[in-house]
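In what follows, a structure is listed as structure tokens, so that the remarks can point back to it.
Any read-out appearing in this document is the output of simple, stated calculations on the displayed coordinates, not a laboratory observation. Remember, predicted model here, so these are calculated numbers, not experimental data. Glycine also receives a Cβ, built like all others from the backbone with ideal geometry; neighbour counts cover every protein chain displayed.
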Protein chains: 4
Amino acid sequence: MKIGRSKWLAAIGVALLSVTAASGQTAEKGPWWPSPFGAQDQAGNSNYITPEKILTSLKLAKTGKIYELGHIYDAKMPAFGDRPYVLLTQPANEVTKADQEAVHTDYFTGFLGHMGTQFDGLGHMGRALKMPDGSYKAFFYNGYTEADLTGPKKGAGGVEKLGVEQIKPIITRGLLVDIAGYKGVATLDARYEVTLADVLGALKKEGLSEDSIQPGDAVLLNFGWAANWDNPSKYNDGHFWVGENKGSPGINHEVAKWMVSKKVSIVGADTCCVMMMPQPEGDAYNLHVDLLPYGVFLMENLDLRELAKDKAYEFLYLNLTERLRGATGSPVRPIAIR
Amino acid sequence: MKIGRSKWLAAIGVALLSVTAASGQTAEKGPWWPSPFGAQDQAGNSNYITPEKILTSLKLAKTGKIYELGHIYDAKMPAFGDRPYVLLTQPANEVTKADQEAVHTDYFTGFLGHMGTQFDGLGHMGRALKMPDGSYKAFFYNGYTEADLTGPKKGAGGVEKLGVEQIKPIITRGLLVDIAGYKGVATLDARYEVTLADVLGALKKEGLSEDSIQPGDAVLLNFGWAANWDNPSKYNDGHFWVGENKGSPGINHEVAKWMVSKKVSIVGADTCCVMMMPQPEGDAYNLHVDLLPYGVFLMENLDLRELAKDKAYEFLYLNLTERLRGATGSPVRPIAIR
Amino acid sequence: MKIGRSKWLAAIGVALLSVTAASGQTAEKGPWWPSPFGAQDQAGNSNYITPEKILTSLKLAKTGKIYELGHIYDAKMPAFGDRPYVLLTQPANEVTKADQEAVHTDYFTGFLGHMGTQFDGLGHMGRALKMPDGSYKAFFYNGYTEADLTGPKKGAGGVEKLGVEQIKPIITRGLLVDIAGYKGVATLDARYEVTLADVLGALKKEGLSEDSIQPGDAVLLNFGWAANWDNPSKYNDGHFWVGENKGSPGINHEVAKWMVSKKVSIVGADTCCVMMMPQPEGDAYNLHVDLLPYGVFLMENLDLRELAKDKAYEFLYLNLTERLRGATGSPVRPIAIR
Amino acid sequence: MKIGRSKWLAAIGVALLSVTAASGQTAEKGPWWPSPFGAQDQAGNSNYITPEKILTSLKLAKTGKIYELGHIYDAKMPAFGDRPYVLLTQPANEVTKADQEAVHTDYFTGFLGHMGTQFDGLGHMGRALKMPDGSYKAFFYNGYTEADLTGPKKGAGGVEKLGVEQIKPIITRGLLVDIAGYKGVATLDARYEVTLADVLGALKKEGLSEDSIQPGDAVLLNFGWAANWDNPSKYNDGHFWVGENKGSPGINHEVAKWMVSKKVSIVGADTCCVMMMPQPEGDAYNLHVDLLPYGVFLMENLDLRELAKDKAYEFLYLNLTERLRGATGSPVRPIAIR
């Protein structure tokens, strides 16, 4: 399972070349597959979270202090586009004798897993490659295709490969990269482009070297954007330029590719999309596909302000996705413990 | 926040008396309220999980081995009654240029939080008390009433008190009580009544004393029933006596009250309902209301077979409920680590 | 089943007095019950649509020309408040042999029956009366109470009385009252108050006398507001004063009461709410409760422009609500035929 | 729009040949397209319902007697397979002053349009044809393809062609073909195969000639099967051979093709599927594709017993599908009037 860093970077290099050229990929080999975890793997970089990794991560908790890194889910939260969220609890039955139970159950409908604090699974996005006949076709992590994911049942019951139920529990070392703190602001400007220099500068300011990042770590970037959560119009609900919406800050492709090279498990941020939204003009493609096809997950709509305030840069990070068969995203209650 | 055990038991004693008598409860004081955590508390026994408790619990992980204690959610799993579960993933967009993203999102509808591996929150069930005028009224944990929970909005958006978003992260010491192992069977008989003698006997066989149970611990009972999960007709889908359904084993009231006296955070089992189903003839009331009003949560439909096989009786237990505002239950990915 | 008009008006008079006084209503008798159709009736003024009424109405069709009076339902239509509407069709299975079927089915979630062109059933709204103890309690058509409607099951599966499945097929004489035409405009101003003088004036201009209105007729008012349908911001999606929203025109209480006195089956209009929205300052109560408790249905979000253009003032009107057990509203495809 | 019967039958003949041969179809011309209503038509045989047809049909009502031909929709009705149906009405708000409104709205989720009394639209099923390269591809009414229906949006928001919103109001002549009456039974046997001889024999017994069937007529077949509606296990809920389920009676291909030759608008029956279920062994393909691609709609799960009892063989038939954009089926309240 171990591959040297140089080999991996070489692989990435090939990948980056091939995704712009007609790439001659086959089912067995393409710019980003087979994965280092084998040709059948569906768990991506959660594989880096070995028992040893878990044990060393658990030791990062020194005081037992809990940080809730997610927002509470409700119907009023900012939604990306027009994704509905409805929770209905039926009032309880009447009671007519001592000790009788009064019962509530809840009915939920919505794009759970793609709303609020959300985890993007490997089935969420694939990336187009040119085919020998000149057409384009999307490939997902480990070379899985759309036909593999939604072929026979067309998505009824979820995808048939790369569902979030495949992901190992993410109990790992978390790192905060406080970009807002590095830039000396509470909240980055809308559409501030976070560069690799910003990331490396913030790490250095925090006393962390680039080399200290280990495979399987979760890297969370604080833009201070969670301050806008209660103002959906400003936060970014997918309706750009409507109301107070002026977009949101995010990382650029260089940062995303660097994350892949560091073999992190998760790149998280306190915005809808981790990347700048709307994408910069001239941006050739969605930054998500720098990450997901390469086995790196995203966590979106975090709230990292308390971690930043406490200068809590390294911590035990718990990110337990629900095992919903065939889902391409998951709700999560992300927790940091120091 | 600390109260002595004898005081607590006395309180319980009063409670048990008063729930059968006309009890003269008021908003301020009733058989099970105010809670030891204050009259406004909504977090129940998750309050026992202090930073110190978390730190000592994390140290229970010695090897980093992960045990998945839940089932994967899908539409075919046994459902209690007729609770639908639908997950639809739309097939991805076509791609027409290099590097373009192909995107999936999932639409979910169902009684999530009350299906499959599920956590019962404090809003799930209240318990009826006789009122001065001879009528009955349901009270929930800490004396909250149905009017507090579903009054103004009648449950639209969930309950307004005791929603699962109030519960602290349950990162605690887990204990397996292997009843099936104690009885020398792989799977208990349908409708086997698990007694306190069984629980104490199993603990003793495992080398654990009754006194070793600490406030905030999660106590998980293995009945071996998860072996029937793939056979919904037998497992118990709420359709008693239909097909192979002959009910399911469970604990009796004595065990439930003992759990309350031990101040555990969670009582879990590998059946739909933790209690025997259908309840024994003559059983006066639903066993859930021995637990939830007293601040003790339930975990249902676990799979504890691998823990039992490994004789893993004490472990770090992670139980992170989703913070769905107003929900009365939650899906969970319960994890044990040794 | 027949009662004289004067008797009915007298009954109304009593009703109007009693609803503002403490009214001494009982289960058997109140300001608007028992209904003229018996104390158990749940069909309201659809009862006026007798076989004779149907036969005479069918004869109003002279040319067979169809007018579609509803809007097409889709997710982009103006919604009142935040009512979601989601329709997902799974792409069809692959086919692998001659003549094999490729199948689509559709999954719908939403407030169907309360979105787009919609019919308000008698369970949709009740009206508060003062009780002997000084409290208030809502009564619905024929004196049914909230306990009758959502008592035992708390609305799971719909209401248990006054569901739309009780309503007889509305195949009746339709009348267009072209208020916009009478006022000489294409579209009434936002928040134009339509008075009884307007209604009588428009009828007169159309060559119809007040007395020509017969029990069971459906009276549809054209405000020209359907012209704004494709602009949800202006149309009135419940978000008053947001974007272009300046409210919408509607009838006042005097008109509603007159409609009751005329024993019409349906009052319809081309706005969200038939009444002015938001209600005029100082308006004591929601105009819907001038109609529904008295057995008169509402049709909302119609499109009456083509009828108005053709000066089609009298026609066969088809309004077949779906027989959804326990629903309080219904989608409808309203049709006029001349 | 008129084409001679012989020409149409010739076209059908070609079609039947070509669907078994590699058929050389093109976008412009195939075995069943272009339709007689033009190459762009999406309304199928509802086009036969012209203003003249409507006028003559309305005249069939002689007494104004209404027949409800559908079942009431609720969660307990027989469902085909595992299609959920959930209707939740939130209990009304409290009222605190005179005349205040108490409001209910309903939330619905389910396969509405494919449950209970249901109308199959032209987008519901396509039929496979062999392509020049030896592969198979589904074609729908008028040669529309799966790419036309669910191409760009993959079915989100429904199909983009052949949605039920395209269908003209079906206000037509209805004919009852009482097969059960002809066979002298109240209810046909499960899996009774209804032949063309049965249909012609029943028509003759009713005093109707084959030639009296006119384009646009709705032909409804009474099997007496509605008597089993309250017993979902027997009725046929798609779980064949489970419980009392022994399948259900239905027409064979010969009858379906004859219906196409008669240019009827709708073929309806009182079973789940109109055709025998499960299909006879050796049946090469689903009978639906004898009808839908040819522009003929299906109505399923009718209740025709009262019509049969009254020997009401000819009547005004109202079948107003909801205009749900992109839906492939629709709930309907089908009505006969004599």
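Overview of values
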{"item": "For residue A:248, residues with placed amide H under 5 Å, excluding near neighbours", "result": "A:191, A:277"}
{"item": "For region B:23-84, the spread of Cα positions along each principal axis, largest first, Å", "result": "47, 42, 16"}
{"item": "For region A:147-202 and region D:285-322, distance of Cα centres in Å", "result": "53"}
{"item": "Likely footprinting exposure, B:253, D:114, fewest C-beta neighbours within 10 Å first", "result": "B:253, D:114"}
{"item": "C-alpha center-to-center spacing [region B:58-125, region A:242-269] in angstrom", "result": "25"}
{"item": "Quotient of C-alpha Rg and 2.2 N^0.38 Å, computed over region A:216-303", "result": "1.08"}
{"item": "Region D:85-176: mean projected area of Cα convex hull, nm²", "result": "11.6"}
{"item": "In order through region B:305-321: 3J(HN,Hα) via Karplus (6.51 cos²θ - 1.76 cosθ + 1.60), integer Hz, x for Gly, Pro", "result": "5, 6, 4, 4, 4, 8, 6, 8, 8, 9, 6, 6, 10, 10, 9, 9, 6"}
{"item": "Computed helical MRE - 222 nm, the protein assembly as shown, DSSP H runs ≥ 4 contributing -39500 (n - 2.57), nearest 500", "result": "-5000 deg cm²/dmol"}
{"item": "Shielding by partners - mean other protein chain Cβ count within 10 Å, residues of A:159-172", "result": "3"}
{"item": "Under 30 Å, Cα to Cα: Lys pairs in region A:119-236, sequence gap 8 or more or different chains", "result": "14"}
{"item": "Distance cut-off 39 Å, percentage of C-alpha pairs in chain D lying past it", "result": "14"}
{"item": "Where trypsin sites (Lys or Arg not before Pro) fall in DSSP loop in region B:72-172, at most 10 other Cβ within 10 Å", "result": "B:97"}
{"item": "Cα pair distances of region C:188-338 binned at 10 Å [whole percent]", "result": "11, 40, 38, 11, 0"}
{"item": "The protein assembly as shown: translational diffusion in µm²/s, Stokes-Einstein, Kirkwood Rh over Cα pairs, 4 °C, 1.567 mPa s", "result": "38"}
{"item": "Across the identical copies, how the residue C:310 labels are spaced - nm, sorted shortest first, 7 Å along Cα→Cβ", "result": "2.9, 7.1, 7.5"}
{"item": "Region A:55-129: projected area of the alpha-carbon convex hull, averaged over directions, in nm²", "result": "11.0"}
{"item": "Phi-based couplings in Hz for region C:61-66 (Karplus 6.51, -1.76, 1.60; Gly and Pro marked x)", "result": "7, 10, 10, x, 6, 9"}
{"item": "Percentage relative contact order, region B:69-213, counting C-alpha pairs under 8 Å, at least six apart", "result": "13"}
{"item": "Average Cα contact separation per residue, chain B, under 8 Å, 6 or more apart, as relative contact order %", "result": "27"}
{"item": "Teacher prompt: residue D:197 distances to equivalent labels in other copies, 7 Å Cα→Cβ, nm", "result": "7.4, 7.8, 9.1"}
{"item": "Share of Cα-Cα pairs in region A:91-137 lying beyond 14 Å, as whole percent", "result": "73"}
{"item": "Cα point-scatterer Debye curve for region A:109-258, base-10 log of I(q)/I(0) at q = 0.10, 0.18 Å⁻¹", "result": "-0.52, -1.24"}
